DNA sequence: GCGACAG
DNA sequence: ATCTTGTCGC
């Protein structure tokens with residue numbers, strides 16, 4: 001069980017770096033993360049979406065899928081400790097927003113690469129719990145999360161983390177590439193070169209395969225951008241399913257559910273930051 | 001060795 | 001993550 005602390009730890013910032021973190025706390029986070037990951041491993045033996053062990057795919061074209069969720073968090077102020085978390089529910093496949101909710105929040109933990117979930121997932125999980133209570137019929141069947149799924153140093157990004165907490169299938173959608181030891185054998189430059197070289201006919205996507213052959217995720221350019229996004233499986237679904245779902249949700253570079261959540265929280269900050277202090281959460285429903 | 005690191 | 005106008009192109 002004993003490990004050389006420094007090399008095993010994912011974050012090796014210099015002690016004077018603004019991102020330096022107490023090694024003990026880092027170790028605790030890592031332990032907690034691995035424990036949660038174990039839950040994901042066992043629970044994913046029976047995927048809600050994706051190919052099962054017997055080869056059957058329960059959702060060839062997502063029949064029965066009616067509600068897709070999106071989450072995002074926007075920050076305000078000087079530091080990045082105060083934020084507004086947003087949860088948006090869309091119909092599928094129409095992608096009409098039927099429910100929005102947001103919540104102001106403060107974070108105790110700093111952002112630590114590899115441990116984003118410990119900042120963001122708890123609030124989002126709370127919001128989902130609240131939705132379960134107030135609007136049981138609007139609980140989404142799958143949630144698109146702003147951040148990585150298994151494309152992560154320990155195979156457990158914020159999408160996995162939230163999925164396990166809320167017990168809902170999730171997809172990780174990152175706007176930036178997270179590279180780490182043992183990860184995909186591709187640099188961001190490699191990926192850029194690939195998608196830039198792609199003609200309209202060739203596929204503007206690239207499997208993120210590691211040296212071991214493990215497929216961590218998929219870099220893909222949707223809409224008309226040349227900037228890729230990075231898809232990976234979160235909870236209870238496989239990569240192929242995640243990629244297909246994201247395709248069906250994309251009108252622009254960022255899939256609609258996440259985009260809607262992003263706009264919701266930004267708009268709230270923009271319009272209500274003056275009266276910042278009173279309403280600390282809010283819900284709106286259009287149709288049931 | 002140095003830099004880089006989802007949000 | 002956030003601070004930000006206009007601008008070039010389809």
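The values are calculated or read from the model by the stated rules, or taken from the named source; none is laboratory data. Given the structure is predicted, the values throughout are model-derived calculations rather than measurements. Cβ atoms come from the backbone with ideal geometry, glycine included; neighbour counts cover every protein chain shown.
A few points about this structure:
- Condition check for residue A:130: within 11 Å of DNA strand B (Cβ to nearest atom), at pLDDT 95 or above and under 29 Å from residue A:270 (Cβ atoms): no
- Applying the set (1) more than 9 Å from DNA strand B (Cβ to nearest atom); (2) in contact (Cβ under 8 Å) with a residue 12 or more places away in the chain to residue A:79 leaves exactly one unmet item: (2).
Condition check ((1) at pLDDT below 90; (2) touching a helix residue (DSSP H, G or I) at 6+ places or on another chain (Cβ under 8 Å); (3) outside any loop (DSSP other than H, G, I, E, B)) across all residues:
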residue	(1), (2), (3)
A:195	yes, no, yes
A:203	yes, no, no
A:209	no, no, yes
A:230	no, no, yes
A:233	no, yes, yes
A:241	no, no, yes
A:244	no, no, yes
A:263	no, no, yes
A:266	no, no, yes
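- Total residues in the stretch A:86-97, condition within 16 Å of DNA strand C (Cβ to nearest atom) and either surrounded by fewer than 20 Cβ atoms within 10 Å (Cβ to Cβ) or over 18 Å from residue A:256 (Cβ atoms) (or both): 0
- Boolean, residue A:122 is part of a loop (DSSP other than H, G, I, E, B), modelled with pLDDT of 95 or more, within 17 Å of residue A:170 (Cα to Cα) and within 17 Å of the chain's Cα centre (by Cα): no
- Filtered residues of the stretch A:107-127 (kept if away from DNA strand C (no atom under 15 Å from the Cβ) and in contact with a strand residue (DSSP E or B) (Cβ under 7 Å, 6 or more places away or on another chain)): A:127
Residue-wise test of (1) more than 10 Å from DNA strand B (Cβ to nearest atom); (2) touching a strand residue (DSSP E or B) at 6+ places or on another chain (Cβ under 8 Å).
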position: A:139; (1), (2): yes, yes
position: A:143; (1), (2): yes, yes
position: A:152; (1), (2): no, yes
position: A:165; (1), (2): yes, no
position: A:173; (1), (2): no, yes
position: A:184; (1), (2): yes, yes
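- Residue A:100 vs. criteria more than 18 Å from residue A:161 (Cα to Cα) and surrounded by fewer than 20 Cβ atoms within 10 Å (Cβ to Cβ): no
- Residues of the stretch A:136-176 that turn out to be surrounded by fewer than 21 Cβ atoms within 10 Å (Cβ to Cβ) and within 14 Å of DNA strand C (Cβ to nearest atom), as a count: 2
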